[in-house]
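Written out below as structure tokens is the structure these notes cover.
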2 protein chains.
Amino acid sequence: MPTLRTESQTAAQLAVEDLRETWRLLTPEERFEAFSELERADAEDFFLDLPARDQAELLLQISTVQRRSWMRLLPPDDAADVVQAADTLDREGLLELLDGPTRSEVMALLAYAEDEAGGLMNPRYARVRPDVSVDEAISYLRKQVREVLENVYYVYVIDADQKLCGVVSLRDLFSAQPGRTIREIMSLEVTAARDDMDQEELSRLFAEHDLQAIPVIDAEGHMKGVVTVDDIVDVIQEEATEDIQKIGGTAALEAPYLEVSLPQMIKKRVGWLAALFVSEMLTTTAMSRFEAEIARAVVLAVFVPLIISSGGNSGSQASTLVIRAMALGEVTLRDWWRVMRRELTSGLLMGGILGVIGFSRVMLWQAIFHSYGHHALLIASTIGTAVVGVVTWGTLSGSMLPFLLRRVGLDPATASAPFVATLVDVTGIVIYFSVASLVLRGTLL
Amino acid sequence: MPTLRTESQTAAQLAVEDLRETWRLLTPEERFEAFSELERADAEDFFLDLPARDQAELLLQISTVQRRSWMRLLPPDDAADVVQAADTLDREGLLELLDGPTRSEVMALLAYAEDEAGGLMNPRYARVRPDVSVDEAISYLRKQVREVLENVYYVYVIDADQKLCGVVSLRDLFSAQPGRTIREIMSLEVTAARDDMDQEELSRLFAEHDLQAIPVIDAEGHMKGVVTVDDIVDVIQEEATEDIQKIGGTAALEAPYLEVSLPQMIKKRVGWLAALFVSEMLTTTAMSRFEAEIARAVVLAVFVPLIISSGGNSGSQASTLVIRAMALGEVTLRDWWRVMRRELTSGLLMGGILGVIGFSRVMLWQAIFHSYGHHALLIASTIGTAVVGVVTWGTLSGSMLPFLLRRVGLDPATASAPFVATLVDVTGIVIYFSVASLVLRGTLL
């Protein structure tokens, strides 16, 4: 258990910890039963820590009499997430549990896509007018904190048109002389996000500027809400999970592994597998064209997996590196030329190293087992040369594929390791047998 | 450009934005030159936003006269990162630029590993004694904020032994009646982290509890510092990058893609590629054992890439899903049995679907091109059956490998897509030719 408590734990606290650990293994009914047995205060803390999906699931099992007080525990941004996580039919009912002003706030939030800044922001934030004094601002702030605010990081200065005109950190507010006005101490340079900014871009903004909160404004500069960094933590985890799952060749699961039902899981996975399988059939077509060569020199066939996998592996490496660098904003579309030069050199060098290993393997087996007859040197040269070509080609296409995908508006992470491997397998076979024809023509072939 | 400014941009601000965008393309000398041309206030903001490696690089180019004031801009946790990012020889010099008390703080931080809670925490935090009144606490806090604090999220209550005994949120402090004591309003249940907690576990703690800050204590419960969620954003990005790079079959790069030198890059990549290449040589050995069968029925060879890649792809999928679920704490070691049952069923079902596609491919080509003579049905059955076996085996071994690696104390992400594919290629060949021997014995073989 990773958390430490300052006091020795009471039985009730242990029950909460137990429930936290076993939660994901329980059925919805078991969850509700265990939850109902918690003391109210513990239950509230536990409820607030749950993901929106689980909150919605619990809420709909709680008796209609009690449901309202639970729904009203949630701040508006979390309430919006719960409504979004519920089935379409239940949404209206959940919204009606809220008080009037909160309901309007939640409805406004629901108008935004879940994955843009407007969908992540909290519409309640600490605000002051520019012309009040520091002391007035502090007592106004104390009142706001009491009523509506979850967190105070920065106090935003809003003019009469509801436009954001500055920001004061709590630190500056506290340390300013009581009689000065906000206008005198506020900072004019505010890093703000537009309400339609994509959450991935937003998370880069947080990482780049090390901010605790970013204000959200609309196209006219009106202040709409605040996104805090703790919401971004979930976003970053989610985006990384999606990328990793795509790189592994699955559609994004969108729920924890053990909570996805088996039919759902298979649906997310078999589509890609089938598409790759059908594409990989091109290897059969490609190899069939060389059936005569294989019949004459069966030894050529036994090296096929070795050679094509060297291309697949180097391609997976290159595409994964480029995909991640793009996701972090380290590499953008216009860097394609620099990346290509770099990967061409890397591919040639790495192909050279593997080629020497492949050449040596054949010569070594020949020396020990006499496996390859008097054409051993020619076979070794074929393998060595083909590996250089295949690895270079794999590296190059693996690194360029994400650029191509992004260029046509697709997610670069679609260039999954299996996708690249399949692409490179087909060309790898053609490269290998072409090299073989050149080197072995007149001797083995 | 993702940030909006409330005022129209001055030329100086534009210069900062330009520098931000071109930064990663510049050499250290060009960086220093451009940085030197910024106005002091802009330069300070820019400097504070840079990663520690770049801060160290700049600091060492700044003249020794000015270097001190730049180093002292940094809060102690960032100063520690800069010292850690500098070469061993430069560290002493950088430390000497700090004032005495800060230097001791930084040295204490340097004693922790970079990737544990102690290495991430800020030793300065808002603290009060339990027996002061709310009003006294607020004015004491105003004084602390002015002097040393970067951010105030929670106020920590420390007893005479320097032990953490409670916490008061700013919200509760502000809304409490002025005359009550801290002891009366503080919360006793504090989620704290031990100073040696791993950063990955720490980031899960943040995600799970949606906290803005977590206090760090030593084994005796003494308060050592606070980790804030904005530091965790970087940690989460880093950990995801490491996992993604490992899944792609590279050692973690530990720097942005375009900033890693070519020799470094090749060193990180060719080791794994060579290891995989040597392992993949087992496919050659395996296929050589079936050379007689291939000589008799060359048609068998042309399906090898198709069949082994179906195992590699399903294995990459399964291992990637399990690796990510483990990193997020959704799946732990003791879940292996549930995962295995699940993946066995998925593997059989997905293998069945792909097997039918493979069977149909052969029969279709036979119907159209008469590619496979009068043994077509037998060949189709061989392919279909082998695909079921290979996909099931691939899925099963891909999902179990991360458990095995974690069990023996290795990083599960080492079960990279290329690693799993290589493992499954060898067994895939054996499964395929064994099925072929069984089905085709007496006819084609």
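Legend: calculated FRET efficiency, B:S36 to B:A113, from the Cβ-Cβ distance at R0 = 25 Å, rounded to 0.05, equals 0.10. Rounded to the nearest 20 debye, the dipole magnitude of region A:159-237 is 500 debye, with +1 charges on Lys and Arg beta carbons, -1 on Asp and Glu beta carbons, and the Cα centre as origin.
For region A:370-445, trypsin sites (Lys or Arg not before Pro) meeting the loop criterion (DSSP other than H, G, I, E, B) and having at most 16 other Cβ atoms within 10 Å: A:R441.
Annotation for B:Q264, label-to-label distances across the other copies: 4.2 nm (shortest first, one decimal, point 7 Å from Cα along Cα→Cβ).
Among B:L354, A:L59, A:A79, which residue has its Cα furthest toward the positive end of the charge dipole of the protein assembly as shown, with +1 on Lys/Arg Cβ and -1 on Asp/Glu Cβ? Farthest towards the positive end: B:L354. Taking other residues whose beta carbon is less than 11 angstrom from the beta carbon of A:S309, and scoring Lys, Arg as +1 and Asp, Glu as -1, yields -3. Taking label positions 7 Å along the Cα-Cβ direction at both A:A275 and A:L364, the computed distance is 4.0 nm, reported to one decimal. Compute the length gained on full extension between B:R289 and B:L258: take 0.36 nm times their separation in residues and subtract their Cα-Cα distance, giving the result in nm to one decimal. Going from the current span to full extension adds 6.6 nm.
For the segment B:376-385, counting C-beta atoms of other chains within 10 Å of every residue's C-beta and taking the mean gives 0. Taking chain A as a Gaussian network of alpha-carbon nodes connected by springs under 10 Å, the highest mean-square fluctuation of the residues A:A252, A:A160, A:A421 belongs to A:A160.
Candidates B:A380, A:T250, B:G166 compared by Cα position along the dipole of the protein assembly as shown: farthest toward the positive end lies B:A380, with charges placed on Cβ. If the Kirkwood radius is taken over C-alpha pairs of the protein assembly as shown, then at 25 °C and 0.890 mPa s the Stokes-Einstein diffusion coefficient equals 81 µm²/s.
Solvent exposure of the protein assembly as shown, expressed per residue, is 41 Å² of accessible area, with all protein chains present and a 1.4 angstrom probe. Each copy carries B:T64; placing its label point 7 Å along the C-beta direction from Cα gives inter-copy distances of 8.1 nm, listed from smallest up. Take the accessible area of A alone and of B alone, subtract that of the pair with a 1.4 Å probe, and the total buried over both chains is about 12500 Å². Comment: the Cα-to-Cβ extended label point of B:E21, at 7 Å, lies 5.3 nm from its counterparts in the other copies, nearest first. Volume of the convex hull of region A:291-429 (Cα atoms only), normalised per residue: 103 Å³. Applied to region A:154-164, the Karplus parametrisation 6.51 cos²θ - 1.76 cosθ + 1.60 on θ = phi - 60° returns per-residue 3J(HN,Hα) values of 10, 9, 9, 9, 10, 7, 5, 8, 6, 8, 6 Hz, with x for Gly and Pro.
Protein heavy-atom surface of the protein assembly as shown, 1.4 angstrom probe: 56% of the accessible area is carbon and sulfur, with nucleic acids and ligands not counted. Rounded to the nearest 500, the 222 nm mean residue ellipticity of chain B from helices alone is -20500 deg cm²/dmol, with -39,500 (n - 2.57) taken per DSSP H run of at least 4 residues.
Peptide B:355-363 has a mean of 2 when you count, residue by residue, the C-beta atoms of other protein chains within 10 Å of its C-beta. Note that region B:427-437 has calculated 3J(HN,Hα) couplings of 5, x, 4, 5, 4, 4, 6, 5, 4, 4, 4 Hz, one per residue in order, obtained from phi through the Karplus relation 6.51 cos²θ - 1.76 cosθ + 1.60 (θ = phi - 60°); glycine and proline are x.
Which pairs break 28 Å Cα to Cα here: A:K246/B:K268; A:K143/B:K143; A:K224/B:K143; B:K224/B:K246; A:K268/B:K268? Exceeds cut-off: A:K224/B:K143; B:K224/B:K246; A:K268/B:K268.
Note that region B:36-41 has calculated 3J(HN,Hα) couplings of 5, 7, 6, 5, 3, 5 Hz, one per residue in order, obtained from phi through the Karplus relation 6.51 cos²θ - 1.76 cosθ + 1.60 (θ = phi - 60°); glycine and proline are x.
Using only alpha carbon positions, build the gyration tensor of region B:250-365, then give the equivalent ellipsoid semi-axes as the square roots of 5 times its eigenvalues, largest first, whole angstrom.
33, 26, 14
Each other residue within a Cβ distance under 12 Å of B:T414 adds +1 if Lys or Arg and -1 if Asp or Glu, for a net charge of -1.
Under the criterion of Cα pairs below 8 Å and six or more residues apart, the relative contact order for chain B equals 12 percent. For trypsin sites (Lys or Arg not before Pro), the sites in region B:252-331 that DSSP calls loop and that have at most 15 other Cβ atoms within 10 Å are B:R289. Charge dipole of the protein assembly as shown (Cα centre as origin; +1 on each Lys and Arg Cβ, -1 on each Asp and Glu Cβ, all else neutral): 3940 debye, rounded to the nearest 20. Residues whose amide H comes within less than 5 Å of that of A:N122, counting only those at least five positions distant or on another chain, are A:V226, A:V227, A:T228 (H built at 1.01 Å from N in the peptide plane). Applying the criteria of a DSSP loop state and at most 13 other Cβ atoms within 10 Å to the trypsin sites (Lys or Arg not before Pro) of region A:11-83 yields A:R72.
Using the Cβ-Cβ distance between B:E17 and B:S139 with R0 set to 56 Å, the FRET efficiency from 1/(1 + (r/R0)^6) comes to roughly 0.90.
Computed over region A:354-445, the P(r) curve from all C-alpha pair distances, binned at 5 Å from the origin, holds 2, 14, 18, 17, 15, 10, 9, 6, 4, 3, 1 percent per bin. The angle separating the long axis of helix A:376-407 from the principal Cα axis of greatest extent in chain A is about 30 degrees. Buried on complex formation within region A:394-426 (loss of at least 20 square angstrom of accessible surface versus the isolated chain, 1.4 Å probe, ligands and nucleic acids ignored): A:A417, A:P418. Relative to the longest principal axis of the Cα atoms of chain A, the long axis of helix A:262-288 lies at roughly 20 degrees. Close amide-amide hydrogen proximity is noted between A:S371 and A:Q366, each under 5 Å apart and 5 or more residues distant or on a separate chain (H modeled in the peptide plane; Pro and chain starts excluded). As a size descriptor, the averaged projected area of the C-alpha convex hull of region B:194-279 was calculated at 7.9 nm². For the residues A:L26, A:L253, A:L282, a GNM of chain A with alpha-carbon springs under 10 Å puts the largest fluctuation on A:L26.
If you take each beta carbon of peptide A:265-274 and count the beta carbons of other chains within 10 angstrom, what is the mean?
Across the residues of A:265-274, the mean count of other-chain Cβ atoms within 10 Å is 6.
For region B:339-445, a crude dipole built from +1 on the beta carbon of Lys and Arg and -1 on the beta carbon of Asp and Glu, taken about the Cα centre, is about 180 debye to the nearest 20.
The values are calculated or read from the model by the stated rules, or taken from the named source; none is laboratory data. Computed from a prediction, not measured in an experiment: that's the story for all the values here. Using ideal geometry, Cβ is built from the backbone for each residue, glycine included, and neighbour counts are taken over all protein chains shown. Accessible surface areas use protein heavy atoms only, side chains included; no ligands, DNA or RNA. Shrake-Rupley method; radii C 1.70, N 1.55, O 1.52, S 1.80 Å.
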